[in-house]
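The values are calculated or read from the model by the stated rules, or taken from the named source; none is laboratory data. Note that the coordinates shown come from a computational prediction; the quantities given were computed from them, not determined experimentally. Don't worry about glycine lacking a Cβ; one is built from the backbone with ideal geometry, like all the others, and counts go over all protein chains shown.
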Amino acid sequence: MAFSILKNRVEGRFTNIESKYSVFIETEGQVISLNGNNKMRAASVIKVPILLEGYRQIDQGEISGINALSFTEKDLIGGSGILAHLNSVRRLSLKDILTLMTIVSDNTASNMAIKLLGMENINALSGKLGCENTVLERLFMDFEAAGKGLDNFTSAKDMVLFLKSLDTGNIVSEESREQVIHTLKQQQFIDNLHGRFDEDSEVTIASKSGSLSGVVNDVGIFEYRGTKAYVAVLLNDLPDNHTGQEIIADIGWYVYEYLTG
């Protein structure tokens, strides 16, 4: 499929959509940007820079990735994830914490990672990479901070910058790059960019999704026979989340057909 066809299909899918959206796709040196710099509520895709900062600190010897870290019942929070339901688990390594944060979007693990790594360090990484619309302002499920107007934000272009920095940059070591991409490929929430094709497809996606009421986001690296596409679709102010999942699944399918066509 020609890139121009992909561009027309993506642009056409957003005709007459009233919800806020930020879309950025980069493949083979070509770009599609629909409000790519719009600052959007990030939901759990903000866990991508947390993941990168975690492995950056591990690589730099600033923190151990394998030593067991303790947490208590007061650290457990609701929302997505499983740690709050595992009564016998009270010690985990940072690498395990980052894995749970990513593949099941565990909010308890995410908050543990933020506290261990430092919110200021995560935001500094975003600034270093030129991700001007990305900011981590609060912990997950922190309703008091949310009530004060604090939230976590990003844009589709920023998310592609994070993915490209992981995949082609020097922010983490080669060993860590392989580990992070492997972890992103294990994500258990596959209703969005993955939604239109089989899990055993030759096209792979290393991705991270996120959702809140009225918010559905997904970002990922598509790969097919050595060709890659970096994709970020962020949808805010949706009438319902199913609508957002359908839109993002369509975009994923268009990219899939572009790569395989």
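Quick rundown of the values:
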read-out: Set 204, 183: member being closer than 21 Å to residue 100 by Cα and either among the small types (Gly, Ala, Ser) or in contact with a Lys or Arg (Cβ under 8 Å, 6 or more places away or on another chain) (or both); value: 204
read-out: Failed condition for residue 12, given (1) of a type outside the set (S, T, N, Q); (2) assigned to a helix (DSSP H, G or I); (3) surrounded by 12 or more Cβ atoms within 10 Å (Cβ to Cβ); value: (3)
read-out: Candidates 137, 132 - the one that is acidic (Asp, Glu) and closer than 22 Å to residue 231 by Cα; value: 132
read-out: Close pairs (7 angstrom Cβ cut-off, 6 or more residues apart or separate chains): over 26 Å from residue 172 (Cβ atoms) in region 59-80, among the small types (Gly, Ala, Ser) and modelled with pLDDT under 95 anywhere; value: 76/84; 77/84; 78/84
read-out: Cβ-Cβ under 6 Å pairs, at least 6 apart or on other chains, region 226-247 side surrounded by fewer than 16 Cβ atoms within 10 Å (Cβ to Cβ), far side part of a strand (DSSP E or B); value: 237/20
read-out: Helices (runs of 4 or more DSSP H) lying entirely in region 88-207 (those with 2 or more residues that are under 13 Å from the mean Cα position of the chain (by Cα)); value: 94-103, 156-168, 174-185
read-out: Checklist (1) buried (at least 22 other Cβ atoms within 10 Å of the Cβ); (2) aliphatic (A, V, I, L, M); (3) in contact with a Ser or Thr (Cβ under 6 Å, 6 or more places away or on another chain) applied to residue 129, failing item; value: (1)
read-out: Inter-residue pairs, beta-carbon under 8 Å, first closer than 17 Å to residue 247 by Cβ and in region 190-207, second basic (Lys, Arg), 6+ apart; value: 205/185; 207/185
read-out: Check on residue 104, at pLDDT below 95, β-branched (Val, Ile, Thr) and either more than 24 Å from residue 36 (Cβ to Cβ) or surrounded by fewer than 15 Cβ atoms within 10 Å (Cβ to Cβ) (or both); value: no
